[in-house]
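No lab work stands behind these numbers, since they all come straight from the coordinates. Only a predicted model underlies this, so the values are computations on that prediction, with no experimental measurement involved. Please note: Cβ atoms are built from the backbone with ideal geometry, for glycine as well, and neighbour counts cover all protein chains shown.
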Amino acid sequence: MFIFLLLKSSVKNWNLFPVIFILTLFSCKTIRVTESPGGHMTEERKQYIEKYNKLAISEMKRAGVPASITLAQGILESDNGTGRLAKKANNHFGIKCHDNWKGRKIYHDDDRRKECFRKYDNALESFRDHSDFLRNSNRYASLFNLDRENYKGWAIGLKKAGYATDNQYDKLLIRIIEEYRLYQYDNLKRAERKAKDKKPGKEDDLLVKATSGNKETNLESEVENVNNPVSRISKRNRIDFFIVSEGDTYRSLEKEFGMMHWELFKYNDLPENFQLKAGMIMYIQPKRNKATVDNDFHIVKKGETMHSISQKYGIKLDNLYKLNRMKAGEKLVPGKKLWLRKISPQPSNVKLSVLKPRRNGIISICFFPGSCTERSFTKPLSTATFI
């Protein structure tokens, strides 16, 4: 009615008034029809799903994040891949720099002006960093205890952990997953069968130009490397690992398992100049903060190191030090009891049990129940001195 009055007062030629009024109504109707309830073009969203569902499935296999959650977050955070961060920086998940980011950056207005966001060479890097960002953060650790097909639990958990500031974040993710049936990609057998049934030639849009230079990265071939079954992969502490064989190199392993150069070093707490040895345990997913429920303690044996023990149980090395109130690099002696799930009790609560001479100037002091440490002395000392 208000529009009617405005038009009436402004149109001088009354013969044209009915035509203008009808055109106005028609144009308003057109705007409502062409957009989905969420304000996004449905076709764009479908194209995004078609383009990145294989990549989301490969990340689910590699890191354990449900493909439906990865796709829904990518859709929401990147505005179906059309947002500035996705176009300019290949950042599909709105991940900010944070203190530990050493890669390239882009500045973008978000909660505050000119905030720092991560910048990637291609979408593949963004999807992998998203998985690792969730996997390596204590805030999201509990999510990996959920069933892979429990997308509602994941969505609620992401909201509670503070992934986004929107109070409706979990509901938005769930709505996208259910509206576009993204949950079908969480069932690995069904998802892989559907991918095989697709006609050739429909994956051409998986060619994504890297932001630096004219180089192109074929995401489909990268995904196929990850999806190929590898017989030597085993699981420990719910993490995929393999045993290094003769002739393995970092380059051959990166190609075999579809990994980036830095991942093998990071996931296995290794310096970049470390030489591979046959028989080593190597993880292709981030290790966990503690051991499985049936491994509460470990008694150190001769020749073992904190690193070898962290690999044996699939625990992050720095976390193993923290659990045992030890400084990084502190040496072990046979007989020491390491705690693998809970923080060890304060030393003041532990009683001296045994005193063992080892060699000139060095003795081993053992505490109940089985924790030992070496001490060095310049003078001969009696057992009574320590008790």
Inset, instruction - Starting from the Cα gyration tensor of the range 241-308, multiply each eigenvalue by 5, take the square root, and state the resulting semi-axes largest first in whole Å. - result: 24, 15, 11
Legend entry - Inter-site label distance for SER234 and LEU188 at 7 Å from Cα along Cβ, in nm: 1.7 nm
Inset, instruction - Note the full-extension length gain between GLU256 and ALA161 as 0.36 nm times their separation in residues minus their Cα-Cα distance, in nm to one decimal. - result: 30.8 nm
Inset, instruction - Using only the alpha carbon atoms of the range 90-140, find the Kirkwood hydrodynamic radius as the inverse mean reciprocal pair distance, in angstroms to one decimal. - result: 11.4 Å
Legend entry - HN-Hα J in Hz across the range 80-92 - Karplus 6.51, -1.76, 1.60, θ = phi - 60°, x for Gly and Pro: 6, x, 9, x, 4, 5, 5, 6, 8, 10, 6, 8, 8
Legend entry - Per-residue ³J(HN,Hα) for the range 122-133, Karplus 6.51 cos²θ - 1.76 cosθ + 1.60, θ = phi - 60°, Hz, x for Gly and Pro: 7, 5, 4, 4, 5, 5, 5, 5, 4, 4, 5, 4
Inset, instruction - Determine the alpha carbon to alpha carbon distance for each of LYS61/LYS152; LYS235/LYS290; LYS290/LYS337; LYS105/LYS287; LYS301/LYS331; LYS266/LYS336 and list only those over 21 Å. - result: LYS105/LYS287; LYS266/LYS336
Legend entry - Long-range amide H partners of ALA291 with built H, under 5 Å: ARG341
Inset, instruction - Give the Cα extents of the range 85-175 along the principal axes, in whole Å, largest first. - result: 34, 24, 23
Legend entry - Simple label model, 7 Å out from Cα along Cβ direction - LYS88 to ARG341, nm: 4.9 nm
Legend entry - Neighbourhood net charge (11 Å Cβ-Cβ; Lys/Arg +1, Asp/Glu -1) for THR82: +1
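Expected output is a single nm value to one decimal: the length gained when fully extending between VAL293 and THR42, i.e. 0.36 nm times separation in residues minus the C-alpha distance. What is it?
85.8 nm
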Legend entry - D_trans [Stokes-Einstein, Kirkwood Rh over alpha-carbon pairs] for the range 229-350, 37 °C, 0.692 mPa s, µm² s⁻¹: 213 µm²/s
